[in-house]
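Report on the following structure.
Each value in this text was obtained by applying a stated rule to the coordinates, not by laboratory testing. Everything numeric in this text was worked out from a predicted model, so none of it was measured. When we count neighbours, we look across all protein chains shown, and the Cβ atoms used for this are built from the backbone with ideal geometry, even at glycine.
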């Protein structure tokens with residue numbers, strides 16, 4: 001009878017289901033499915049990493065470099081060990097020393113390898129190598145945890161890794177697509193701070209301009225106020241040392257500063273508008289610590305008002321070519337900043353404005 005066959009099939013399915021639970025076969029199947037999905041995405045990451053490497057090697061070939069693969073390997077595997085944080089004493093000084101040492105060794109090594117290359121072109125190549133290094137590191141890290149999970153049949157590790165893959169893929173795609181901007185030298189979303197600083201320079205009369213540690217300091221007479229504008233030296237890919245330069249400038253002026261304003265890009269929350277402007281207090285700068293604390297110490301030591309203006313954007317917008325919405329936000333920020341200066345200070349005041357971010361594609 002048909003009903004009997006249905007009962008038999010139902011019993012067989014129940015027995016199979018029970019055996020799978022009892023033997024753990026269901027979990028093994030799930031682990032295989034997770035591993036398969038991770039491997040598929042890992043192959044995409046590898047393609048991004050390999051393509052970024054080949055594009056940089058092609059550039060080096062055109063520059064007449066012999067064995068470019070060896071050079072790329074050297075810089076892609078370059079690393080920095082974080083300072084000991086169990087003992088917090090002088091950790092900022094130690095971190096600053098390591099960061100500066102890494103940057104100096106990286107730049108000097110590249111300069112020796114490509115002595116005929118100009119400062120601008122070399123800065124773009126440095127940033128391109130950094131991007132390739134990130135992609136390569138992500139690929140090796142994901143591969144490490146995948147192989148580790150399979151080796152010890154650690155289904156919890158594979159489950160966590162699989163759940164992280166969508167966000168990881170978005171991050172990888174963002175870095176991979178940003179390579180075009182750094183190779184071509186076009187302004188990116190993170191350049192909004194330096195671009196605001198550049199436009200402030202244009203609004204007033206420039207009295208002097210100096211470059212200190214890859215950082216431009218311009219003295220501008222604007223609305224009967226002395227304004228010092230700080231930004232990374234452009235138009236190469238460069239973030240400069242705005243924190244240290246600002247702190248040194250405050251000391252040089254003996255603390256006689258009425259207002260310090262930092263302008264930077266900030267990651268927007270989901271649902272926030274691209275290019276939204278927000279004002280607050282504090283140092284708007286996204287460095288590991290040394291630059292930010294230099295600004296905070298200098299302003300707090302002399303009791304100087306420290307204001308911050310940020311332009312909201314997502315990570316893709318920050319690393320990719322600057323969008324129209326962000327350029328329009330820069331124009332609005334300049335007007336906003338001019339009104340802030342007029343309302344918060346009197347004529348004859350001394351003000352410091354620091355445009356934080358990568359000055360790629362932004363002159364001075």
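Checking a compactness column here: for the stretch 82-142, what do you get for Rg(Cα) / (2.2 N^0.38 Å), N being the number of residues? Please list the in-between numbers first.
Values: Rg = 15.1 Å, N = 61, 2.2 N^0.38 = 10.5 Å.
That works out to 1.44 for the stretch 82-142.
Top mean-square fluctuation among 331, 67, 202, Gaussian network model of the chain, C-alpha springs under 10 Å?
Sorting by GNM fluctuation, first place goes to 67.
What value, in deg cm²/dmol to 500, does the helix sum -39500 (n - 2.57) over DSSP H runs of n ≥ 4 give at 222 nm once divided by the residues of the chain?
It lands at -20500 deg cm²/dmol.
If you project the alpha carbons of the stretch 313-364 onto the principal axes, what extent comes out on each, in Å, largest first?
40, 20, 17
With angles folded into 0 to 90 degrees, how steeply does helix 290-301 sit against the dominant principal axis of the chain? Use alpha carbons for both and round to 10.
Between helix and principal axis, roughly 40 degrees.
Would you calculate the separation in nanometres between label points at residue 36 and residue 332, each defined as 7 Å from the Cα along the Cα-to-beta-carbon direction?
With each label point 7 Å from Cα toward Cβ, the separation is 4.8 nm.
Taking only Cα atoms, what is the 0 to 90° angle, nearest 10, from helix 25-62's long axis to the longest principal axis of the chain?
40
Can you give the convex hull volume per residue for the Cα atoms of the stretch 25-183, as a whole number of Å³?
On the way: hull volume 21.8 nm³, N = 159.
Looking at the stretch 25-183, the number lands at 137 Å³ per residue.
Test of understanding: what is the full-extension gain from residue 54 to residue 206, defined as 0.36 nm times their sequence separation minus their Cα-Cα distance?
50.3 nm
Please arrange 317, 279, 58, 347 by how many other C-beta atoms lie within 10 Å of their C-beta, fewest to most. Intermediate results must be reported in sequence, preceding the final value.
Values: 317 24, 279 14, 58 11, 347 8.
Going from sparsest to densest Cβ surroundings: 347, 58, 279, 317.
May I ask you to sort 241, 46 by Cβ crowding, counting other Cβ atoms within 10 Å and putting the fewest first? Before the final figure, lay out the partial values.
Numbers: 241 24, 46 16.
Result, fewest neighbours first: 46, 241.
Using a 10 Å cut-off around each Cβ, can you sort 155, 221, 34 from fewest to most neighbouring Cβ atoms?
Details: 155 16, 221 12, 34 22.
Fewest-to-most ranking of 155, 221, 34: 221, 155, 34.
What angle do you read, to the nearest 10 degrees and between 0 and 90, between the alpha-carbon axis of helix 155-184 and the longest principal axis of the chain?
40
Semi-axes, largest first, in whole Å: what does sqrt of 5 times each Cα gyration tensor eigenvalue give for the chain?
For the chain, the semi-axes come out at 49, 26, 20 Å.
Please state, rounded to one decimal and in Å, the Kirkwood hydrodynamic radius that the stretch 189-355 gives when every pair of distinct Cα atoms enters the mean of 1/r.
Details: mean 1/r = 0.0635 Å⁻¹.
When all Cα pairs of the stretch 189-355 are included, the Kirkwood radius is 15.8 Å.
Scaled to the compact-protein estimate 2.2 N^0.38 Å, what is the alpha-carbon radius of gyration of the stretch 198-253, rounded to two decimal places?
Against the compact-globule rule of thumb, the ratio is 1.10.
Label the stretch 260-345 by shape, choosing from rounded, prolate and oblate, from the square roots a ≥ b ≥ c of the eigenvalues of the Cα gyration tensor; if a/c is under 1.5 it is rounded, and otherwise prolate applies when a/b is larger than b/c, oblate when it is not.
Because a/c hits 1.5 or more and a/b fails to exceed b/c, the stretch 260-345 counts as oblate.
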